[in-house]
Amino acid sequence: MTIRYFAFCASLTIALTACANDRTAESKSTHLAGVASVHSTDSVKPQPTERKTYQEIDYPTPNYNRERVNEVKGVILHHTAEPTVERSLEVLTDGKRKVGTHVVIDTDGTRYVMCQPTVVTYHAGPSTLGGRDGCNNFTIGIEFQGNTLEAPLTDDQIASAIDYLLPIMRQYQIPLANVVTHEMVRNAYKARHPQSKCLGKVDITQTEYKRVMEQLTKAMEENN
């Protein structure tokens, strides 16, 4: 009986010791997993936002300057203020109106490319940017379909504009400060030429301009 009792006690001790070791190992494993999780989270870099692909259609305009080359130092944002993209394209290709731009972006993000960046088009009128007049000669024009006084830009319009702009801004080293609205360059011209009869009007609103710039800034940071 005594021998069996001691044998039982020895077996019980071994079992309890093994169980305790298992708990210790499990605790260490859990702790190490937690530490690994923290370190892996800290080391993960933000990934660029995945973007949709938008259709791009060549839609040439005759309204451009055949005697000059665009210096491509800035970008001017506009809205068309026309009810449909068909009407906007009609206006921007009407040879009698002499109004042009580089690209029109429809509400679904479709881009109608009217001129290459190095072409001088007639989109800015009397205008000043960075103390220099005549913005047509050194900026590109982007026309958003619609009227931002009545409805905001769609997410697709902003995303498509950024897709269009990023490679151009990188190639020509255009700073964010030179991405402005038509109203901004018109007001700068009026301030510089107070005698001018240039009439002021809101083009793309400051609210929508802010949305574009926030997302453009984010996209540039992600792609650097």
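The values are calculated or read from the model by the stated rules, or taken from the named source; none is laboratory data. Just so you know, these numbers come straight off a predicted model, no measurement behind them. Cβ atoms come from the backbone with ideal geometry, glycine included; neighbour counts cover every protein chain shown. When the accessible area is computed, the model is the full protein with side chains, heavy atoms only, and any ligands, DNA or RNA have been set aside. Shrake-Rupley method; radii C 1.70, N 1.55, O 1.52, S 1.80 Å.
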(request) Search region 53-71 for residues that are within 17 Å of Gly95 (Cα to Cα) and open to solvent by 80 Å² or more (accessible area, probe 1.4 Å) and pair each with any residue that is β-branched (Val, Ile, Thr) and in a strand (DSSP E or B) when their beta-carbon atoms are under 8 Å apart and the residues are at least 6 apart or on different chains. (result) Tyr59/Val104; Tyr59/Val113
(request) Count, please, the residues in region 88-112 that happen to be open to solvent by less than 20 Å² (accessible area, probe 1.4 Å) and under 10 Å from Ser160 (Cβ atoms). (result) 4
(message) Cβ-Cβ distance below 8 Å, separation of 6 or more or different chains: which pairs start in region 107-135 with a residue that is under 15 Å from Val69 (Cα atoms) and part of a loop (DSSP other than H, G, I, E, B) and end on one that is at pLDDT below 95 and open to solvent by 60 Å² or more (accessible area, probe 1.4 Å)?
(response) Tyr122/Lys98
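To keep it simple, each residue is scored yes or no on (1) closer than 16 Å to Ile76 by Cβ; (2) among the charged types (D, E, K, R); (3) buried (at least 23 other Cβ atoms within 10 Å of the Cβ).
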{"site": "Arg132", "(1), (2), (3)": "yes, yes, no"}
{"site": "Cys135", "(1), (2), (3)": "yes, no, yes"}
{"site": "Pro152", "(1), (2), (3)": "no, no, no"}
{"site": "Leu166", "(1), (2), (3)": "no, no, no"}
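For every residue, the table says whether it meets (1) out of contact with any Cys (no Cβ under 8 Å at 6 or more places or on another chain); (2) at pLDDT below 95; (3) of a type outside the set (Val, Ile, Thr).
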| residue | (1), (2), (3) |
| --- | --- |
| Phe144 | yes, no, yes |
| Thr148 | yes, no, no |
| Pro152 | yes, no, yes |
| Gln157 | yes, no, yes |
| Leu165 | yes, no, yes |
| Tyr209 | yes, no, yes |
| Gln215 | yes, no, yes |
| Asn223 | yes, yes, yes |
(message) Condition check: in contact with a Ser or Thr (Cβ under 9 Å, 6 or more places away or on another chain), part of a strand (DSSP E or B) and either modelled with pLDDT under 95 or buried (at least 20 other Cβ atoms within 10 Å of the Cβ) (or both). Does Ile76 satisfy that?
(response) yes
(message) Suppose we keep only residues that are charged (D, E, K, R) and in a helix (DSSP H, G or I) within region 202-224. Which one would you say is least open to solvent (accessible area, probe 1.4 Å)?
(response) Glu208
